[in-house]
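Structure record follows, encoded as structure tokens.
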Amino acid sequence: MTDEMFLEAFEDTSLPRYEWTHFSHVRMGFLYLSRLSYAEAEEKIIAGIQRYNAAKGNQTGYHHTITIAFARLIASRLTENLDWPVFVAANPDLLSFTCIQKHYSPELLKSQQARAEFVEPDLGALPSLG
């Protein structure tokens with residue numbers, strides 16, 4: 001599936017639920033972050049995940065801190081003219097939660113506060129954006 005087809009299926013919520021994996025989350029984040037300003041991409045990422053989850057009946061799947069942390073990790077690794085296959089090959093750690101565990105304790109990520117709003121890391125700072 002091309003990047004444009006993938007984003008269209010995500011945005012119109014026709015992407016099958018079984019294809020909405022962590023890999024797909026990272027791909028979606030990469031595509032928005034590589035095409036838009038960070039602020040615009042963050043808004044699209046948040047709204048898109050919430051819209052997709054609502055359309056699929058998932059009322060508890062959204063986690064704000066994990067969403068923002070991954071957006072910041074992805075954004076910190078972007079370089080000009082980088083396409084998805086090259087990016088993912090160069091950043092395989094983003095395809096697991098191990099990379100976020102360097103920044104957040106399990107206890108903090110399990111908190112209701114971290115699920116509902118962005119919480120700064122308790123183990124190691126996230127990369128700054130600019």
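For this structure, a couple of remarks:
- Candidate lysines for bridging to LYS44, where Cα separation is under 19 Å - those fewer than 8 sequence places away on the same chain excluded: LYS56
- All lysines inside 16 Å of LYS102 as judged from Cα atoms, apart from same-chain residues fewer than 8 positions distant: LYS110
- At most 12 other Cβ within 10 Å, DSSP loop - GluC sites (Glu not before Pro), segment 12-108: GLU80
- Burial ranking of peptide ranges 5-11, 64-70 (average Cβ count within 10 Å, highest at the top): 64-70, 5-11
- Between segment 1-49 and segment 53-130, the alpha-carbon center distance in angstrom: 14
- For segment 3-116, the dipole from Cβ point charges (+1 on Lys and Arg, -1 on Asp and Glu) about the Cα centre works out to 500 debye, to the nearest 20.
FYI, it's all coordinate maths here, none of it is from the lab. Worth saying up front: this structure is predicted, and the values here are computed from it rather than measured. Backbone-built Cβ (ideal geometry, glycine too); neighbour counts: all protein chains shown.
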